[in-house]
1. Within straight cross-link reach of Lys100, meaning Cα distance under 12 Å, which aspartates and glutamates are found once same-chain residues fewer than 8 apart are removed?
2. So what's the convex hull volume per residue for the Cα atoms of region 22-117, in Å³?
3. Among the aspartates and glutamates, which have Cα under 18 Å from the Cα of Lys194 when same-chain residues fewer than 8 positions away are ignored?
4. Do any of Lys3/Lys157; Lys77/Lys145; Lys37/Lys99; Lys4/Lys121; Lys35/Lys68; Lys35/Lys58 go past 32 Å between their Cα atoms, and which?
5. Rank-order 101-107, 161-167, 36-42 by packing density, defined as the average count of other C-beta atoms within 10 Å over each peptide's residues, highest first.
6. With every protein chain left in place, what is the accessible area per residue of the chain in square angstrom, probe 1.4 Å?
7. Given 37 °C and 0.692 mPa s, how large is the Stokes-Einstein diffusion coefficient of region 144-202 in µm²/s, with Rh as the Kirkwood radius over Cα pairs?
8. Calculate the dipole size of the chain relative to its Cα centre from +1 charges on Lys and Arg beta carbons and -1 charges on Asp and Glu beta carbons; express the result in debye to the nearest 20.
Amino acid sequence: NVKKGQDIWYILFLTNPGNTNILVDVVDALPPEVKGKEYKINEVVQEGTWPGRLDQLKLPAGTANKVKISICAEVIKDFSMTDTEDNIIRNRASMIYDKKTFETEEVVHYLTPNPDYTVTKERITQPPNGQEGFFAGTGQEIQFKATLTNTGDIPLKIDIRDAFHTEKYFEFVGSASQDNIDLPVGASTTVTFKAKILSDAK
């Protein structure tokens, strides 16, 4: 299972069972759901990103002389809520020698949702008379707002509760929570809390 933004490493092992060194072409065009990044040959990082094809790669004789190609690819596909087939990433590579093509088995990854969100909280009510804060016990109503933003790739249903609802700082005016907030992908919503400072608040 993979998520958008995650790196996948495709590893190819090439062997030459013959007794003579040969030159082969290696092809891995990569599926459209990913973007090629760096690649290595026998653990040596090569210049540039994976080109999709390597021509005239030397393959030493003997099955013990394996050539290892490691291809890094970043998942760029969004998770689909409607079409499960869209959430399957399929890849197959091939080696060409003497006009014959030898294909690998298919490698499959499954896209999973990437739920994520941010929440910020700030005070709306400003201190009176230019003060930097509030005096406990004044009984003045203070309003806070919490802003939720869906930064993931699936819709969310969120419950939010003020962090101080169990503390002896405030007496909330109305509710200290709001449940079942529907938050589509990329959407933001703001919830306002109202509270009075308790006379014995520390």
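The values are calculated or read from the model by the stated rules, or taken from the named source; none is laboratory data. A quick note: this is a predicted structure, and the numbers were derived from the prediction, not measured. Cβ atoms come from the backbone with ideal geometry, glycine included; neighbour counts cover every protein chain shown. Note: areas computed on protein heavy atoms with side chains; ligands, DNA, RNA excluded. Shrake-Rupley method; radii C 1.70, N 1.55, O 1.52, S 1.80 Å.
1. Once the sequence-local aspartates and glutamates are set aside, what remains near Lys100 is Asp25.
2. 131
3. Cross-link targets: Glu122, Glu141, Asp159, Asp162, Glu167, Glu171, Asp179.
4. In this structure, Lys77/Lys145 lie more than 32 Å apart at Cα.
5. Highest to lowest by the protection proxy: 36-42, 161-167, 101-107.
6. I get 62 Å² per residue for the chain.
7. D = 258 µm²/s.
8. 340
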